[in-house]
Amino acid sequence: MIKILIVDDHPIVLEGTKMLFLEINDIEVDTENDVASVLEKVKTTFYDVYLIDIHMPVRNGIKLARDIKKVAQNAIIILYTGDDISDYYPLVLERKIEGILAKTASKEQIIRTIRSAMQREVLLTQNFLDFLKTYDRPENPIELNAKEKLILNLISEGYTNFEIAKQLNVTQRTVERYLTQLFRILNVQSRNQAVDFAIENNLL
């Protein structure tokens, strides 16, 4: 029996994903939409596979995956997302996750990916080979100062610009300038991209 925990903050999506496994006799599924409760569940219940949405408030899927592996080192993590999955191929190469799925994936693709991961095999799309040809690890890793790391941590926890301004005792406009500078350093366009990049590169 394969035990799976599906984590998604949208209850309707969560139930829809769970329905895909109803007729699969050797797969048992639990669900969790409260991200803050996941780690406690991991400590008390064994799961073979974790199917985790990437974009969630409080703790996104990438950060949650890292935290789960601290508690359960052999956990099999498969992320699923509405974004282009090739953006997350580096996480597979660096062995931070065992698979990545698009939310548009068919039931058959999802089942095959889970079964492959259970065999410690990686099932990826054909363009993964194209990605490998162009993938380079950064020679000069990005270094952030204490203030930039603090801002990253605050936005990863869902703080608004107003709340960050209160924490730093500066104006909201100053925070906006800090974020613009931070996005430029990380070469990203949004808060979610900044947090994802920071986690992927161990900046948080």
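What's the longest uninterrupted piece of the chain once you rule out the trypsin sites (Lys or Arg not before Pro) that are loop residues per DSSP with at most 10 other Cβ within 10 Å? Could you put the intermediate results ahead of the total?
On the way: sites that count: ARG95, ARG120.
Answer from the scan: 1-94.
Of [x] 1.01; [y] 0.99; [z] 1.07, which one was derived for Rg/Rh (Cα atoms, Kirkwood Rh) from the structure shown?
[y]
Ranking MET118, MET19 by Cβ neighbours within 10 Å, fewest first, what do you get? Write down the numbers at each step before the final one.
Numbers: MET118 14, MET19 11.
With the fewest neighbours first, MET118, MET19 line up as MET19, MET118.
Before anything else, pin down the relative contact order of segment 153-204: Cα pairs under 8 Å, at least 6 apart, normalised by residue count, whole percent.
Details: 24 pairs, mean separation 16.8, N = 52.
The normalised contact order for segment 153-204 reaches 32 percent.
Working from Cα positions, state the angle (0 to 90°, nearest 10) between the long axis of helix 61-71 and the longest principal axis of the chain.
70
Pick out, in residue order, every one of the chymotrypsin sites (Phe, Trp or Tyr not before Pro) in segment 164-204 that is DSSP loop and has at most 11 other C-beta atoms within 10 Å; say none if there are none.
Values: sites: TYR178, PHE183, PHE197; in loops: none.
The qualifying sites: there are none.
Given the convex hull of the Cα atoms of segment 146-200, what is a quarter of its surface area in nm²? Mind dumping the intermediate values first?
Values: hull surface 13.3 nm².
Mean projected area for segment 146-200: 3.3 nm², to one decimal.
If you line up the long axis of helix 191-200 against the longest principal axis of the chain, both from Cα atoms, how many degrees apart are they, to the nearest 10?
Once rounded, the angle reads 70 degrees.
Angle between the Cα long axis of helix 146-156 and the longest principal axis of the chain, 0 to 90 degrees, nearest 10?
Roughly 40 degrees, rounded to the nearest 10.
Given the options ASN33, ASN192, ASN25, which has the most mean-square fluctuation in a GNM of the chain, springs set between C-alpha atoms less than 10 angstrom apart?
ASN25
Counting alpha carbon pairs within less than 8 Å and at least 6 residues apart, what relative contact order, in whole percent, applies to segment 45-100? Present the calculation step by step, with values, prior to reporting the outcome.
On the way: 63 pairs, mean separation 20.1, N = 56.
Relative contact order for segment 45-100 comes out at 36 percent.
Averaging sequence separations of C-alpha pairs under 8 Å and six or more residues apart, then dividing by the length of the chain, give the relative contact order as a whole percent.
Numbers: 254 pairs, mean separation 31.1, N = 204.
The value is 15 percent.
No lab work stands behind these numbers, since they all come straight from the coordinates. A quick note: this is a predicted structure, and the numbers were derived from the prediction, not measured. For neighbour counting, all protein chains shown are included, and Cβ atoms are generated from backbone atoms with ideal geometry for every residue, glycine included.
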